[in-house]
Structures are given as C-alpha cells and as structure tokens.
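As structure tokens, the structure follows; a few thoughts come after it.
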Amino acid sequence: MAVQDHDAPPPPAPLKPSTSERLRPVLISAISTGVVVAAVVLLVRSSEQWPAVQRQFFNWQVMKDSFPKVRSGFWLNMRIWVIAEIVILAVSLAFAVMRSLTGPIFAPLRFFSVLFIDIFRGVPGLLLVLLLGFGLPALQLPGFPKSALFWGTVALVISYSAYTAEVYRAGMTSVHDGQRAAAKALGLNQFQTLRYAVIPQAIRNVMPALLNGAVSLQKDVALLSVIGIRDAVREAQIIKDRTFNYSSFMVAAILFLIASIPLARFTDWYSARDAERRLQQTR
Amino acid sequence: MTVPRLQVKSLTKYYGQTLVLHSIDLDIAEHEVVCLIGASGSGKSTMLRCAGRLVEYDHGQILLDGVDIASEEMPEAELRRRVGIVFQSYNLFPTMTVLDNVTLAPRKVHKTDRAVAESRARELLELLEMDEFADAYPDRLSGGQQQRVAIVRAMATNPDVLLLDEVTAALDPELIGGVLKVISDLKASGMTMMIVTHEMGFAKEVADRVCFLDEGRIVEEAPPAELFSDPKEPRTQQFLQRIIEAGRL
Ligand SMILES: Nc1ncnc2c1ncn2[C@@H]1O[C@H](COP(=O)(O)OP(=O)(O)O)[C@@H](O)[C@H]1O
Ligand SMILES: [Mg+2]
C-alpha cells in the first residue's frame, strides 16, 4: 500500500556500486584461490614421486590414444543411464503406489511391493548385476533376451527401483492429511486422490532426492563393466591391461566428472528454488 | 411436516476407547444456518466430519432430505455433489491453479464438460471477487484469498448443504472479515449451512440457531439472541463467561 507523506525523508538512492567496487570481491576470491592452487601444485610437483605419478596417471600420449575408445564406451554409459533412469522413475512409483493402496483387495499388491522393496534394497547392486548379468544369459531361457547388457541393466533398474520406491513413499507420507480430507470431501476416489493430490505433491517434495538418485546412477552404470559390458571403465581397463598405465582410467574419470556437473548444479538450483517456495508458503 | 434438509440422529462416535460424540440429535431445515460452538476438543469438528461422511461413526444416522447418507440409496458421488465441506486450513491442491482446483471435482467426479465446469467456476470466482486469480497457484494467494477459493471449490457442484469448520481460525485478523462477509452473503442467498466457529460475534449475526457442545453432547441449543444473552445451562454460562473475559464477545 503506497502511503503519501510529503514530510517523509526521500527513499535511499538505489545501490549502484561502481564497476571497481563490484569487481573487488571477485578479484579477491580469484587471487586467493589461485594462490592456494598454485601452492598445492608446486608442492605436489616438487615432490620426488611426482614424475612417477605423472607417468602412471597423467601420461598425455596414453590419454590421447585411449580417448576415442573410452569416449565411445562412455556414450554407452550415458545411454544406459538415461534409459534405466526413466524406467526406474516409473517402476518405483508403481511400487510406492501399490504399497500405499488401502483395502483388502489390494493386499496381494501391497505384500508383493513390500517384499520386492525389502529384498532388493538389502542386496548389493553389484551382486545383483553379477547374478542377473552372468546368471540369466547362461540359463538360456527360451523367449528371454540373452544379452548381458539387457540383464545387467535390469539388475540396475531393480536395485534402484527398490530404493527409489521408498523415496517416493516418504514423499507421499509427507503430504498433509488435510489434502486427503479435501480430496475425499470432493468425492475423488483412491486413484484420483493419488493422481491429482498426493503424487504431484510427493514428487515435488522429494525432487532433490530423486535428482541425487539420478546422479548416483550415472556413476553406478559402471558396475556393468564387471560383466563385460564395454562401457567407459571396461574400455579403459582393456587399455590399461595392454599399456600397464592408468591414464586411460583418468580419461574415464574425467568424463564421469564432467557429466556429473550439470545435474549437480541443476539439483542445487532446484533445491534453492524449492526452499524459496516453501518460505513463500509459510507467509 | 417437511423433512429437514440435514438430520443428525443419535450420532455416537468413539475414537478408540474415547467417546467423542454422545448420542447427538440435530435437525437443520432448508435455508437454515446452525452454528456449533464449544471449547476445543468438545467434538465440533468430529460432528462436522461425520455429517460430511469423512469419518465413520459407531451409532446413529445422518439423513440428507430424509435419505441415510450411509445407505445404498445415497451413492457416494451424489452425496459429494450435494454436500460441500470447507476446512480451517483451506487444503487447496498446491500443484493446481485456482481454476483447476475448482473444476477438478465437477470434471473428474461428476463428468461435467470442461467448458461448462469452467464457466460455472469463473462465475463463482467473480461472485467472490477472486476471478483475477483464476490462473494463479494457491501459494501466491493470501490466506483469506485461499479460503475464498476453497469456498468456491465447495460450491462448484451447486451443493444443498455447506459444512464449514472454523474457516477463519487460520487467518490473520485483517483477513477474517472478508471471509465472514462471503458466508453472510451465502446465507442471504439461502444456503443451508452447519458452521463450526470461534467467532461469537459472527455466530450471533449469521446463525438461526446456535448449539453449544460440551464433551460430545449438545448441552444447549437456542436462537443466538437467547443463547448469548440468557444461557440456561451452567456449562454454557461458564463457557460464555470465559469468552467474554477473553474479550471475544
Ligand atoms: N483422528 C483422531 N484420533 C483420535 N482422537 C481424535 C481424533 N480427532 C479428534 N480426536 C479427539 O476427539 C475429541 C474431539 O475432537 P474435535 O472434534 O476435533 O474437537 P473440536 O473440533 O471441538 O475442537 C478430542 O478429544 C480429540 O482429541
Ligand atoms: Mg475442531
């Protein structure tokens, strides 16, 4: 509400720092970071072991030579990651919903969901990848795919779905009871209540946790290298076995690192926006 | 003799071993407004929730135009269309716009055409001076505005009865008046209402009858002029005395 008051002192002039004033903090942080980094680099490089370390891990020639192979392996990682993540988000939501259904007719679904989640949250993902990735193709089941890539991806999906279902469930529990009362008062049935009231809010509440899961899966796709899938890690290992040099692993590591940055920044951005929204709500 | 619009017959409700409603009887005629008052924990919300079939009860009946709301003759969808409920905490769906909140039940439960549902929603929003917020999300609105949207949402199916549970209790003092005005207008338009409220001045003004609840029983029931100025029961007198001392009457 604008209040007219001619005796009031004028409002403060808008803050408009000069260019040099605005640059000063940037300059200070840049310089101090630079000094620290330079000190660490100097210290590391002046140590007696440095040349050996550099030869084993940062051999430029090996890195350059291994890059095409490792990169094409990494492209496979990314494709598996995207496909698996999409399936995980859907499958785990289905399990969370099944677990939340009330009424005796849904008892079998509830039971199945609890069993699935309990079992596969408790088994290490690596073990599951070995079991399905080696075990199932060996069985030669008629009508089932025989590729290790397929079953390894299934193992990741199962392992992550059990975990993600619990993330969704926490989100659904955190939805205020009043929302369900309102849905009931409006006449929405159990599924409509989930579809229109509970699930959209649950997803919003657990978005940061879902994003963290996606970041984590991006790295865990590398588990498939143990069943012979020629992903970035596997390709790097093949090169290492030939050259007796770890630089190819460093190439893979750098690729994973670079790929993780956008999602991590997005998670930060989303969380900040989310915090702002929650603050708005409590006005 | 005409059948009351809403009839509560020896309603009894336990929460576990605790008796919360003790054989309650109450008739509300068409166009009548009944206010429920009483101390916190006396069972007002529970009674309203039973009447709106949000919770199950142990004994007794609730009749809407003579039909038991828990019987086969009253399909769930019909009950939901004919009874609107508004809550203290508004409970709008935060991931939906105001318009979607209002049209959700007509469209998804009662299969009304989107265009029809939206035009009715816009009419109602305009009536409550909320039409400019049709496309806003609830968390952009003040509490008073959200509560007005919640009232519109409850009215979207053209109900016969509105049940209101302390709809101003969560509002900042300066926002209460606007919402109370809306309810007075509803009364003027002939809406049948059961209102749980702590606003004694408002109850005095809007109610045809006031019921004082204490420990799950209706202790006293009278027109507001009578109940507030000349309460018969000692427990009503005590309650009103406390309210007066708190400066709220
Ligand atoms: N969901 C519930 N579970 C158990 N007890 C409840 C529940 N809701 C209300 N009660 C109890 O029932 C009694 C009446 O509550 P309520 O109807 O909310 O009172 P009021 O609205 O008059 O404040 C209180 O003693 C309260 O503790
Ligand atoms: Mg209450």
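The values are calculated or read from the model by the stated rules, or taken from the named source; none is laboratory data. Given the structure is predicted, the values throughout are model-derived calculations rather than measurements. Virtual Cβ from ideal backbone geometry, glycine too; neighbours counted across all protein chains shown.
Annotations
- Listed by position, the helices (runs of 4 or more DSSP H) inside region A:143-224 whose residues that are in contact with a Phe, Trp or Tyr (Cβ under 7 Å, 6 or more places away or on another chain), crowded, with 18+ Cβ neighbours inside 10 Å and away from chain B (no Cβ under 14 Å) number at least 3 are A:148-173, A:199-220.
- Residues located in region B:22-38, provided they are surrounded by fewer than 17 Cβ atoms within 10 Å (Cβ to Cβ) and aliphatic (A, V, I, L, M): B:A29
- For region B:192-215, filtering for residues that are under 26 Å from B:A154 (Cβ atoms) and within 12 Å of ligand 1 (Cβ to nearest atom) leaves 6.
- Across region B:188-204, not a single residue is classified as small (G, A, S), crowded, with 21+ Cβ neighbours inside 10 Å, over 16 Å from B:V167 (Cα atoms) and in contact with a His (Cβ under 8 Å, 6 or more places away or on another chain).
- Here no strands (runs of 3 or more DSSP E) wholly within region B:1-110 include at least 3 residues being touching a Cys at 6+ places or on another chain (Cβ under 6 Å), at pLDDT below 95 and within 16 Å of ligand 2 (Cβ to nearest atom).
- If you go through region B:170-189 and keep only what is free of Cβ contacts under 8 Å to residues at least 60 places away in the same chain and either closer than 13 Å to B:S142 by Cβ or among the small types (G, A, S) (or both), you end up with B:L171, B:D172, B:P173, B:E174, B:L175, B:I176, B:G177, B:G178, B:V179, B:S184, B:A188, B:S189.
- Of all the numbered requirements in (1) more than 14 Å from A:A183 (Cα to Cα); (2) within 16 Å of ligand 1 (Cβ to nearest atom); (3) aliphatic (A, V, I, L, M), B:V86 misses one, and that requirement is (1).
- Matching option when the condition is of a type in the set (G, A, S), closer than 27 Å to A:I199 by Cα and more than 9 Å from chain A (Cβ to nearest Cβ), among B:A150, B:A105, B:A154, B:A117: B:A117
- The residues on offer are B:V33, B:V55, and the sole one that is among the β-branched types (V, I, T) and within 14 Å of another protein chain (Cβ to nearest Cβ) is B:V55.
- Evaluation of B:A136 against (1) in contact with a strand residue (DSSP E or B) (Cβ under 7 Å, 6 or more places away or on another chain); (2) surrounded by fewer than 17 Cβ atoms within 10 Å (Cβ to Cβ); (3) of a type outside the set (D, E) (one fails), failing number: (1)
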